[in-house]
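What follows is calculated from the coordinates using simple rules that are stated; it is not laboratory data. Since this is a predicted model, take the numbers as computed values, not measurements. Cβ sites come from the backbone with ideal geometry, for glycine too, and all protein chains shown count toward neighbours.
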């Protein structure tokens, strides 16, 4: 009679489920769930932007704010639960130009499981989807507001990739705003023509880029933009009339003094913007 070895064997690590074309896993294992869309966007952006590549592993879920992205709760939970090494490993194996979305999702799921990220996200159990072509991307249009360092707001409408680019640029500028202000103040004080005149510009506000709405139909997006712009134009016109009445009520001497202050402020802002442009154009430190 054949004897069986009944000694207990050490438990193995959970296997990663693989999927065949008909949608059924060939063996047992622990699923890792679907990769949230927000996580996909963050990882792909980190793979092509050197600055953001360092931000994502350090800030994880909070990194979404750097590019104006609202991260779904499942994505935030996933990023906050893993170690810094795990996003770095996924970024390192991601090439946006050559990896399709389906391939990216499969690779990210396998990497998370292999690195020990025991997570199931997206609500419910993960659905095995097999091999299927990516859906063609539809154009999306973003209605947004942009606030500059003076607190002045403008409204815009762009395609989503352009909005992402603008968000990255805003984050890049915010990192050097304070440095540019200090440099401008120093240059002002060293200018003989400004000797004894205090730097008239207040510290700059952080730039803001806020997504108001996203549209899949261009005509609806343009209609919404036109309504917002009309409202903004009316407010601006009302504010202009109030300012004109205020200035008209001043004496000639008071108006001259206000103009002198305005000219000094304009010169200070031009100097600040010059220093900011120089910092943004300078080579990044090694």
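Annotation for residue 146 and residue 247: the two label points, set 7 Å from Cα along the Cα-Cβ direction, are 2.6 nm apart.
If you plug the beta carbon distance of residue 277 and residue 77 into 1/(1 + (r/R0)^6) with R0 = 45 Å, you get a FRET efficiency near 0.70.
The Cα atoms of the stretch 141-281 give a gyration tensor whose axes a ≥ b ≥ c have a/c of 1.5 or more with a/b no greater than b/c, which makes the shape oblate.
Quick check: residue separation of residue 222 and residue 59 times 0.36 nm, minus the Cα distance between them. What number comes out in nm? Don't jump to the answer; show the numbers that get you there.
Working: separation 163, 0.36 × 163 = 58.68 nm, distance 3.51 nm.
Full extension of this stretch gives 55.2 nm more.
The residues 71, 209, when put in order of fewest to most other Cβ atoms within 10 Å, stand as 209, 71. On the basis of the beta-carbon distance and an R0 of 30 Å, residue 37 and residue 178 show a calculated FRET efficiency of 0.35.
Extending 7 Å from Cα along the Cβ direction at residue 258 and again at residue 229 yields two label points whose distance is 3.0 nm. For the stretch 201-233, backbone nitrogen atoms closer than 13 Å to the point 7 Å from residue 155 Cα along Cα-to-C-beta are found at 212-213, 221-233.
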